[in-house]
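Here's the structure we're looking at; comments come further down.
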Amino acid sequence: AISERSIWLLPPSFQHQFTVCFSSICFVYFFVCVFFVFFLSLNVVALSLLAPRLVVVESDFRRFLLPPVEPALAVKRMGRRQLRPSRPIAPCAFFALVGACLQQLPRVLSESALEAARALVPPAPSVSKDGEFEGHDFWEEHDELLTKAWKELRPVHPSLYTFDRDFEDRYIVPDFRSGAEIARTRGDESALLSLFEEPIPGVFATEKIFAPAFLQELLSELKHIQNSGIPKRRPNGMNRYGVILDQVGFKATLQELCRQYLAPLAGALFPELVKPEDAEEHYAFTIQYEGGGDVALAEHGDASVVTINLCLGEDAWEGGSVRFHASDGKGYLSPDRSKQGSGDVNMTPGLALIHRGQHKHQALQLLTGRRTNLVIWLMGRHDVVRVAPYPSSEQATVHERWNAYPTSFGSRPPEEL
């Protein structure tokens with residue numbers, strides 16, 4: 001610093017020049033500071049707004065930096081908008097980041113969530129047991145973006161995504177709807193239960209729930225989802241290939257389908273195990289068996305109070321029967337083993353199997369072809385699975401089962417169905 005007295009000690013001919021020069025230096029210094037602060041603020045704002053879609057990779061920095069300078073910031077995708085300095089930000093690194101952001105700005109502004117999701121590289125499913133958390137960090141990190149991408153994807157069959165009167169008329173077999181309506185209005189489940197066979201003790205089977213149009217259009221929609229380019233998480237810890245339907249837009253439809261039909265049906269077939277609150281929530285997914293992927297499934301129990309397993313079909317196949325195992329004498333079901341038998345069931349398109357989630361079963365090896373199944377697990381609130389049976393005095397009545405959730409579009413007399 002130069003004091004005022006020091007300036008006037010200079011020769012008179014230099015005083016004016018020095019003052020002008022020093023003032024210019026101060027002005028330039030001030031301008032550089034303002035410029036730096038302005039662009040730093042602009043960069044932070046831009047990153048906070050564009051981070052869900054912005055991809056700043058190492059190569060973008062290396063175009064603006066000379067080795068051996070490394071990237072100073074890491075930008076994470078998917079809603080977790082945060083800056084994580086790996087070390088103090090050097091000025092050159094700052095200007096490199098600004099350059100990378102400006103270079104990608106036109107693409108980021110025009111890019112949709114669907115396009116951004118298609119650019120992701122998901123982890124490949126590998127393990128066939130205890131794989132629930134495989135790639136957990138990736139799916140958690142990109143959950144927000146994937147949710148937006150599925151909303152942007154146009155469906156092939158929009159009628160599958162809305163549960164209303166048209167859905168019932170188009171996709172549910174009239175005999176099943178009529179039996180459910182008689183149970184709902186008259187308290188008589190005999191017509192409904194007559195549609196089911198019990199090929200194995202504790203396993204009920206029918207082809208009279210879903211119409212052929214439901215099988216065909218859902219398979220078509222699944223193929224559209226499979227070819228969308230959006231990453232899809234494995235359906236459960238054992239099956240590696242399929243679709244979690246609640247994550248791709250079917251949650252509201254399946255929730256109403258379960259409340260109006262499938263949960264009361266589970267209570268009718270297993271009254272000692274299911275009251276309305278025990279089947280209040282669901283988890284729905286599809287599984288696919290084919291050569292080169294999953295061809296069999298080891299013995300297991302489901303995380304459900306009751307499971308609905310619907311064969312959608314697809315290509316002609318051989319093998320792949322579902323084998324059920326009798327009780328091993330352990331657990332709550334052991335006093336009455338007759339309700340949990342053993343045997344094999346051959347799956348055919350349209351066949352629905354309904355059984356306790358704790359009834360051990362497995363899928364035998366598929367020999368040829370390809371088969372797709374829709375599986376719905378029913379459970380209580382907060383994913384609670386009931387395993388202890390109710391005494392007969394505490395079981396729900398027919399009226400309680402079928403009227404726990406009134407429909408938003410009313411009911412019709414069974415004669416009209």
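Taking the full set of protein chains and a 1.4 angstrom probe, give the accessible area of residue 181 in square angstrom, rounded to the nearest 10.
10
Which order do you get for 166, 278 if you rank them by accessible area with a 1.4 Å probe, largest at the top? Walk me through the intermediate numbers first.
On the way: 166 110, 278 20 Å².
Result, largest first: 166, 278.
Between the stretch 225-264 and the stretch 176-196, how far is it from one alpha carbon centroid to the other, in angstrom?
For the stretch 225-264 versus the stretch 176-196, the Cα centre distance is 27 Å.
Rounded to the nearest 10 Å², what accessible area does residue 30 show when all protein chains are kept and the probe is 1.4 Å?
Accessible surface of residue 30 is approximately 130 Å².
Using a 1.4 Å probe and ignoring any ligands, DNA or RNA, find the accessible area of residue 397 and quote it in Å² to the nearest 10.
70
Let me check something: with ligands and nucleic acids excluded, how do 327, 220 order by accessible area (1.4 Å probe), largest to smallest? Please report the intermediate quantities before stating the final value.
On the way: 327 20, 220 45 Å².
Largest to smallest exposure gives the sequence 220, 327.
For the stretch 263-313, with only Lys/Arg (+1) and Asp/Glu (-1) charged at the beta-carbon, what is the dipole magnitude about the Cα centre, in debye rounded to 20? Mind showing how you got there, number by number?
Details: 1 positive and 9 negative charges, 30 e Å.
The dipole magnitude comes to about 140 debye.
Under a point spin-label approximation (7 Å from Cα along Cα-to-Cβ), what is the residue 368-residue 303 distance to one decimal in nm?
That separation, rounded to one decimal, is 3.7 nm.
Using a 7 Å offset from the Cα along the Cα-to-Cβ direction at both residue 175 and residue 198, what is the distance between the two label points in nm, to one decimal?
Simple spin-label model gives 1.9 nm for this pair.
Please state the shape class of the stretch 186-340: rounded when a/c is under 1.5, otherwise prolate if a/b exceeds b/c and oblate if not, all from the C-alpha gyration tensor.
Values: a/c = 1.69, a/b = 1.34, b/c = 1.26.
Judged from the Cα gyration tensor, the stretch 186-340 comes out prolate (a/c at least 1.5, a/b above b/c).
Calculated FRET efficiency, residue 164 and residue 32, Cβ-Cβ r, R0 60 Å, to nearest 0.05?
Numbers: r = 64 Å, r/R0 = 1.07.
FRET efficiency, residue 164 to residue 32: 0.40.
Can you report the principal axis dimensions of the stretch 133-180 using only the alpha carbons, biggest first, rounded to whole angstrom?
Result for the stretch 133-180: principal-axis Cα extents of 46, 25, 13 Å.
Would you work out what percent of the accessible area of the stretch 169-254, with all protein chains in place, is carbon or sulfur (probe 1.4 Å)?
Details: 1680 of 3430 Å².
Percent of accessible area from carbon and sulfur atoms in the stretch 169-254: 49.
Probe radius 1.4 Å, ligands and nucleic acids left out: which of 285, 31 has the largest accessible area, and how do the rest follow? If you can, show how the numbers build up before the last one.
Numbers: 285 5, 31 120 Å².
Largest to smallest exposure gives the sequence 31, 285.
Apply the a/c threshold of 1.5 to the C-alpha gyration tensor of the stretch 245-305 and tell me whether it is rounded, prolate or oblate.
Details: a/c = 2.99, a/b = 1.49, b/c = 2.01.
Oblate.
Distance check, please: which entries in 339/360; 208/232; 151/232; 148/251; 151/223; 148/232 exceed 19 angstrom between their Cα atoms? Spell out each step's value before the answer.
Values: 339/360 12 Å; 208/232 31 Å; 151/232 14 Å; 148/251 15 Å; 151/223 17 Å; 148/232 14 Å.
Beyond 19 Å: 208/232.
Testing the spin-label approximation: label points 7 Å from Cα along Cα→Cβ at residue 348 and residue 156. State their distance in nm.
Label at residue 348, label at residue 156, 2.6 nm between them.
The values are calculated or read from the model by the stated rules, or taken from the named source; none is laboratory data. Not measured: the values here are computed from a predicted model. Quick reminder, even Gly has a Cβ in these numbers, built from the backbone with ideal geometry, and neighbours come from all protein chains shown. When the accessible area is computed, the model is the full protein with side chains, heavy atoms only, and any ligands, DNA or RNA have been set aside. Shrake-Rupley method; radii C 1.70, N 1.55, O 1.52, S 1.80 Å.
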